[in-house]
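Peer 1: The structure under discussion is supplied below as structure tokens; questions concerning it will follow.
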Amino acid sequence: MDEPDDDDGSMTGLTVTACTRCPALVDSRSRIVNGTGPEDADLLFVGEGPGAQEDGQGEPFVGRSGSVLDSALRDRGLARSDVRITNCVRCRPPDNRDPTTAELDNCRGYLDAEIELVDPEVIVTLGKVPSEHLLDRSVAITTEAGTVQEMRIGGRQRRVLLCVHPAATLYDRSQETTFEAALDEAAALAGGRSDGGGQSRLGEF
Ligand code: URA
């Protein structure tokens, strides 16, 4: 297990308790925002990084994007408490900018440790940044959303379901269908309710 524990960062179980690896993020954060949800969740959602609301409350996806995600989960018979939700970086970038490559790399050990410990059936990437980060290639997220890719992460081969960011549905209504279709796929893979029925389809992969 690659559980980071060094001079400038430490993690206990799934919780990063201290970290000073990214000077700009140490300045901009109010707190470290760790993942939430069951430690043995079948579905792990991975976003980009905390925004202002998440920084304030210390929980991922609690702002407007979180409302979109929560309601999409509810529509499919899933509660927020049924799934694990985390981010590529755990500290809020200044002015809501994207995390830099160095910041993503600094936080990667924590994400890999979380993936290894939770050992989800499916990782759902919410948006371009987490999709490219986990797949380690450029991703055309609007066309690739809904596809399941295989990737070695956190010690073994994993299924990664690409999805557009929930916020995209707020700014561009045409993204709603893409988002909903990817969530249908996620629910079907996890055995929740979806257009594809209530049975888990994990055996197909
Ligand atoms: N967007 C993200 O990518 N992560 C959050 O936690 C909130 C919004």
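Peer 1: Could you compute the FRET efficiency for R152 and E121, with r as their C-beta to C-beta distance and R0 at 25 Å, rounded to 0.05?
Peer 2: Efficiency, rounded to the nearest 0.05: 0.95.
Peer 1: Write down the percent of antiparallel bridges among all DSSP beta bridges whose residues are both part of the chain, to the nearest 5.
Peer 2: If we restrict to bridges inside the chain, about 50 percent are antiparallel.
Peer 1: For the chain, what is the mean residue ellipticity at 222 nm derived from helices alone (per DSSP H run of n ≥ 4: -39500 (n - 2.57); sum divided by total residues; nearest 500 deg cm²/dmol)?
Peer 2: So the calculated ellipticity at 222 nm is -10500 deg cm²/dmol.
Peer 1: Which order do you get for S174, S28 if you rank them by accessible area with a 1.4 Å probe, largest at the top?
Peer 2: S174, S28
Peer 1: Under a 10 Å cutoff between Cα atoms, tell me which one of L170, L43, L104 has the largest fluctuation in the Gaussian network model of the chain.
Peer 2: Of L170, L43, L104, the Gaussian network model singles out L170 as fluctuating most.
Peer 1: Once you sort the root eigenvalues of the Cα gyration tensor of region 77-172 as a ≥ b ≥ c, which label holds: rounded (a/c under 1.5), prolate (a/b larger than b/c) or oblate (the other case)?
Peer 2: In terms of gyration-tensor shape, rounded.
Peer 1: Here's a follow-up. With every protein chain left in place, what is the accessible area of M11 in Å² (1.4 Å probe, nearest 10)?
Peer 2: Result for M11: roughly 10 Å² accessible.
Peer 1: GNM on the chain, C-alpha springs below 10 Å: top fluctuator among Q149, Q57, Q157?
Peer 2: In this elastic network of the chain, the residue with the biggest mean-square fluctuation among Q149, Q57, Q157 is Q157.
Peer 1: While we're on this one: Modelled label-to-label distance, L170 and D27, 7 Å Cα→beta-carbon offset: nm?
Peer 2: For L170 paired with D27, the spin-label model returns 2.6 nm.
The values are calculated or read from the model by the stated rules, or taken from the named source; none is laboratory data. Computed from a prediction, not measured in an experiment: that's the story for all the values here. FYI the Cβ positions are ideal-geometry reconstructions off the backbone, even for glycines, and counts take in every protein chain you see. What goes into the accessible areas is simple: the full protein's heavy atoms, side chains included, and nothing from ligands, DNA or RNA. Shrake-Rupley method; radii C 1.70, N 1.55, O 1.52, S 1.80 Å.
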